[in-house]
Amino acid sequence: MTPRKLLFAKVVVHLAALTPLAILLWQMWQVASSGGNALGADPVAQIEHRLGLWALRFLVLALAITPLRQLTGWAVLVRFRRMLGLYAFAYATLHLAAYVGLDLRGYWTQLFEDIAKRPYITVGFLAWLLLVPLAVTSTTGWIRRLGRNWSRLHKLVYAIGILAVLHFWWLVKSDIREPALYAGLVAMLLGWRAWKAWRKRAGGVRA
């Protein structure tokens with residue numbers, strides 16, 4: 001892929017990633033200005049749900065990059081993994097901010113009580129906490145500084161994927177079809193990595 005085409009593809013991905021947030025902000029403005037029902041009967045829950053869902057979607061997309069590259073041979077896909085991971089962190093941070101700012105009405109100390117009492121908040125907060133060092137060390141400078149340890153650190157994304165799915169699953173009261181879909185996707189993506197690692201190890205033993 002030429003540099004111009006790569007730049008164009010990145011712009012498209014950025015626009016696509018920001019579109020859900022733009023739509024949500026527009027609907028929030030409609031509700032605040034005219035009192036409409038663009039966000040349903042419970043706007044706060046809808047805002048939190050959509051931000052959290054997009055965080056999970058971008059996390060799944062980031063996890064899918066490596067299997068897709070291995071299956072297709074398109075090495076250029078790696079150029080988008082960091083971007084998708086950062087969008088997962090951005091939406092997860094907004095999801096947490098919406099919970100503290102809108103649901104808890106700014107009483108952030110209540111968050112720690114909820115973390116201790118509610119398992120779905122515990123695993124959700126832990127997933128966000130593990131995302132922080134990955135976002136901080138996503139720059140080229142940190143990749144150089146950490147060397148091989150960078151790859152080891154960023155394997156935390158596997159645990160984050162599991163925690164994010166658990167957070168979604170435990171949050172849903174009755175209809176678990178949607179969290180089950182994402183659980184299946186994460187299991188498949190992590191299973192692919194486990195299978196590739198097993199094949200590599202088995203090949204090394206035979207050699």
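Counting other Cβ atoms within 10 Å as a rough exposure proxy, the listed residues Y158, Y87 run Y158, Y87 from fewest neighbours to most.
Panel order for I121, I47, I23, by other beta carbons found within 10 Å of each beta carbon, from fewest to most: I23, I121, I47. Per-residue extension of 0.36 nm, minus the Cα-Cα distance of L18 and A187, leaves a gain of 58.2 nm for this segment. Taking amide hydrogens as placed 1.01 Å from N in the peptide plane, the amide H of V172 sits under 5 Å from that of no residue at least 5 positions away in sequence or on another chain. Applying 1/(1 + (r/R0)^6) with r as the Cβ-Cβ distance of E113 and A135 and R0 = 22 angstrom yields a FRET efficiency of 0.25. Helices in the chain, meaning DSSP H runs of at least 4 residues, each add -39500 (n - 2.57). Divided by all residues, the mean residue ellipticity at 222 nm is -27500 deg cm²/dmol.
Listed from fewest to most Cβ neighbours within 10 Å, the set M28, M188 follows the order M188, M28.
Binning the C-alpha pair distances of the chain at 10 Å intervals from 0 yields a P(r) profile of 8, 29, 35, 20, 7, 1, 0, 0 %, listed from the shortest bin outward. Under the Karplus relation 6.51 cos²θ - 1.76 cosθ + 1.60, θ = phi - 60°, what is the ordered set of whole-Hz ³J(HN,Hα) values for segment 185-194, x standing for Gly and Pro? Residue by residue, segment 185-194 yields 5, 5, 4, 5, 5, 6, x, 4, 5, 5 Hz. For L104, nonlocal amide neighbours, meaning residues 5 or more places apart or on other chains whose placed amide H falls under 5 Å from its own, do not occur. Each residue of segment 85-98 was assigned a 3J(HN,Hα) from its phi angle through the Karplus expression (A = 6.51, B = -1.76, C = 1.60, θ = phi - 60°), giving x, 5, 5, 4, 5, 4, 5, 5, 5, 5, 4, 5, 5, 5 Hz with x at Gly and Pro.
Where a number appears in this text, it was derived from the coordinates with a stated rule and is not lab data. Everything numeric in this text was worked out from a predicted model, so none of it was measured. Here the Cβ is made from the backbone with ideal geometry for all residues, glycine too, and neighbour counts use every protein chain on show.
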